[in-house]
1. Amide H neighbours of I137 under 5 Å, at least 5 residues apart or on other chains, H built in the peptide plane: list them.
2. Taking the Cβ-Cβ separation of A158 and K40 as r and a Förster radius of 30 Å, what is the calculated FRET efficiency to the nearest 0.05?
3. In whole angstrom, note down how far apart the Cα centers of the range 77-150 and the range 199-215 are.
4. Assuming a ≥ b ≥ c are the square roots of the Cα gyration tensor eigenvalues, decide whether the range 53-122 counts as rounded (a/c under 1.5), prolate (otherwise, with a/b larger than b/c) or oblate.
5. Collect residues whose amide H, placed 1.01 Å from N in the peptide plane, falls under 5 Å from the amide H of V22; neighbours closer than 5 in sequence don't count.
6. With an 8 Å cut-off on Cα pairs and a minimum separation of 6 or more residues, tell me the relative contact order of the chain in percent.
7. How far apart, in nm, are two points set 7 Å out from the Cα along the Cα-to-Cβ line at S95 and at D203?
8. Show the residues, 5+ positions off or on another chain, whose built amide H is closer than 5 Å to the amide H of T217.
Amino acid sequence: MKRLCAFTLLLASWGAVAGEFVDLRRATAIRGDAVAGAAKVAVCVACHGPDGNAVVPAFPALAGQHAGYLYQSLDGFRRRADPASPMTPQVQHLSDADLRDIAAYFASRSRTPASGAASGDSAGARLFREGDPSRGIAPCQGCHGPAAQGHPLRAEMAHYDYYPALAAQQPDYLVARLRQYRDGGPGDTSNALLMRGVARHLDDAAIAELAAWLAATPR
C-alpha cells in the first residue's frame, strides 16, 4: 500500500475523490496556439461573449484570464463529467491540445473595461487587501495580487498561473463561485481546497462586497 501524504489525508477529510485529485503545486506552464484556438471557440463565445467578454452576468469573462487557470478549469469540467453542468457536453470531445489552444486564445484577448470606478476605501477593497482577522478572513491579495491581476510571481513560477485574475470579472459569477467554495463545492484540485478554506468564513454580505469591488477594478 502506498503511504498517504498529509495532503492526501486532507483531501480525504474534505470528501473529494482521491483518484480525481490534481495537485497544482508543481503544475507546468500551459503552451497553446492562440491562432488555432480562435477556430475552436465558436461554441464558447455563444455564452461567454465575443472574444470571451461575457454579456450575461452569470457567465464568467474569459478574456485576459491566465492560460493556466483557463486550461485547468476546462480540464476539470472534462474530468468531472458532471451531467448537471452545461459545460460537460461542450468539453467531452475536446483533446488536451484543444484545451491548451482555447486557453491560449482567451488569455490573449483583452478584457472589456470594468464598469464604474473601484473605490480603494470600500468594504470589498479592504477585505481583498487586508482580510478581517476578527472573522478569520484572509486577505485575497496574497494569492490574487494587490490589484487582483493575479499572483505577482506568476511570470517566475508556473504554478501561480493557475491562480485567476479577478479584476473586471462578472459580479454575479463571482458571488456564485465564492458561495460554491464556501458551501463545499468541488474540491478536486489543491487550489480548490485552498479556496474552500478561505471562503468558509465569508458570509453573503462579505461576498457581495468583494464581488462589487472586483467587478469595478480594471483588468
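The values are calculated or read from the model by the stated rules, or taken from the named source; none is laboratory data. Model, not experiment: these values are computed from the prediction. Cβ coordinates were reconstructed from backbone atoms using ideal geometry, including for glycine residues, and neighbour counts include every protein chain displayed. In case anyone asks, the SASA skips ligands and DNA or RNA and just uses the protein heavy atoms, side chains included. Shrake-Rupley method; radii C 1.70, N 1.55, O 1.52, S 1.80 Å.
1. Here the answer is D132, since their amide H atoms fall under 5 Å of that of I137.
2. Values: r = 23 Å, r/R0 = 0.77.
That gives a FRET efficiency of 0.85.
3. Between the Cα centre of the range 77-150 and that of the range 199-215, the gap is 14 Å.
4. Since a/c reaches 1.5 and a/b is larger than b/c, the shape of the range 53-122 is classed as prolate.
5. T189, S190
6. 27 percent.
7. Distance between label points: 5.2 nm.
8. Those qualifying (amide H under 5 Å, at least 5 residues apart or on another chain) are A168.
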